[in-house]
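Coordinate-derived values only; no laboratory data. Keep in mind that this is a model prediction, so the values were computed, not measured. Neighbour counts are summed over all protein chains in view; Cβ atoms, including those assigned to glycine, are modelled from backbone coordinates with ideal geometry.
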Amino acid sequence: MTTRIALVSCVKHKRSVPSPARDLYQSSLFRGLRKYAEANSDAWYILSAKYGVLQPDQVVEPYERTLNKMGKADQLKWAEFVQEQLDELIPPDAMVIILAGQRYREHLIPYLRSRRIEVVVPLEGLSFGKQLHRLKEMFPC
């Protein structure tokens, strides 16, 4: 049986105190992505611009860092670091659901596919507003 793993990107708005990663991020989009991940995967992780891959219950300090403001070289270093972490977390028979923006996934998708892992990006091509609308339709508050 295929193991479904979801990868959810971090967001800008965070709590101001150390918190479990699942609670650190404080936006409507993150809450919707989290609900999607919890409903559609066997395990889920958070892609953090600072920490790489986080377990949802891993307590971390708040931070201000985003891939959107990193240069290409730093984005590649981040992707390589995350790839090493994913090697430890993702079994060979997995399907990976990526719930993250282009910069967070652009170097991960080719890597995962090179390992013959199925990759699904369910919100690909949707603007921020349309992603939020779709998630609210699926998971009304």
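Below are the figures for this structure:
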item	result
Within the stretch 4-25, considering residues that are in a loop (DSSP other than H, G, I, E, B) and surrounded by fewer than 15 Cβ atoms within 10 Å (Cβ to Cβ), the one nearest to the chain's Cα centre (by Cα)	K12
Residue within the stretch 55-76 that is loosely packed, with under 15 Cβ neighbours inside 10 Å, part of a helix (DSSP H, G or I) and among the acidic types (D, E) present	yes
Positions within the stretch 122-135 being without any contact (Cβ under 8 Å) to a residue 24 or more places away in the chain and not in a helix (DSSP H, G or I), in sequence order	E124, G125, L126, S127
Leading residue by the ranking (nearest to S48 (Cα to Cα)) among those in the stretch 77-117 that are touching a residue at least 60 places away in the same chain (Cβ under 8 Å) and surrounded by fewer than 13 Cβ atoms within 10 Å (Cβ to Cβ)	P91
Pick from the stretch 38-54, criterion in contact with a Phe, Trp or Tyr (Cβ under 9 Å, 6 or more places away or on another chain) and in a helix (DSSP H, G or I), ranking: farthest from A100 (Cα to Cα)	A39
Residues located in the stretch 39-54, provided they are of a type outside the set (G, A, S) and loosely packed, with under 15 Cβ neighbours inside 10 Å	D42, K50
